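Q: Below are the structure tokens for one structure; questions will follow.
The values are calculated or read from the model by the stated rules, or taken from the named source; none is laboratory data. The structure displayed is predicted, hence computed values, not measured ones. Because the Cβ atoms are built from the backbone with ideal geometry, glycine has one as well, and the counts that use them run over all protein chains shown.
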Amino acid sequence: MAQAPMTWVYNAFTQGLFSSRGTVLKIQPTMNILIFKTNIKYKKDLHNITQVMNNIPSVAFWNVDREDIDKVLRIESTDNDTEAIRNKIQYAGYLCEEL
């Protein structure tokens, strides 16, 4: 008896492909590394920036090296829209220049 052809269904919530035979493939989005010079110096600044970063869906991870002379903000994002991120950080009142 012939086997039915395998079909695949994409689930956006789990970001996976599921086959009609039970096979699961996890899809990992491509991550972009974005690096900015900032003036984020203090813990209160980190608190303010946290609120901004939490409202950018494409940002998966971020950190600020406050000991670096450039106060480097490093972002791992599924999007490469540096201008949008820069504008949001500047709107919050901080210097933000792409390196």
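Q: Which of the residues belonging to the range 85-99 are loosely packed, with under 13 Cβ neighbours inside 10 Å and either of a type in the set (A, V, I, L, M) or closer than 14 Å to N54 by Cα (or both)?
A: L99
Q: Against the definition (in contact with an Asp or Glu (Cβ under 9 Å, 6 or more places away or on another chain), touching a residue at least 40 places away in the same chain (Cβ under 8 Å) and not charged (D, E, K, R)), how does T78 come out, yes or no?
A: So T78 fails the test.
Q: Working only within the range 81-99, note down all residues that are part of a helix (DSSP H, G or I), of a type outside the set (D, E) and farther than 17 Å from K41 by Cβ.
A: Scanning the range 81-99 gives T82, A84, I85, R86, N87, K88, Y91.
Q: Do we find a residue being assigned to a helix (DSSP H, G or I) and touching a strand residue (DSSP E or B) at 6+ places or on another chain (Cβ under 8 Å) anywhere in the range 70-80?
A: no
Q: Please work out if P57 is at pLDDT below 75 and within 12 Å of the chain's Cα centre (by Cα).
A: The answer is no for P57.
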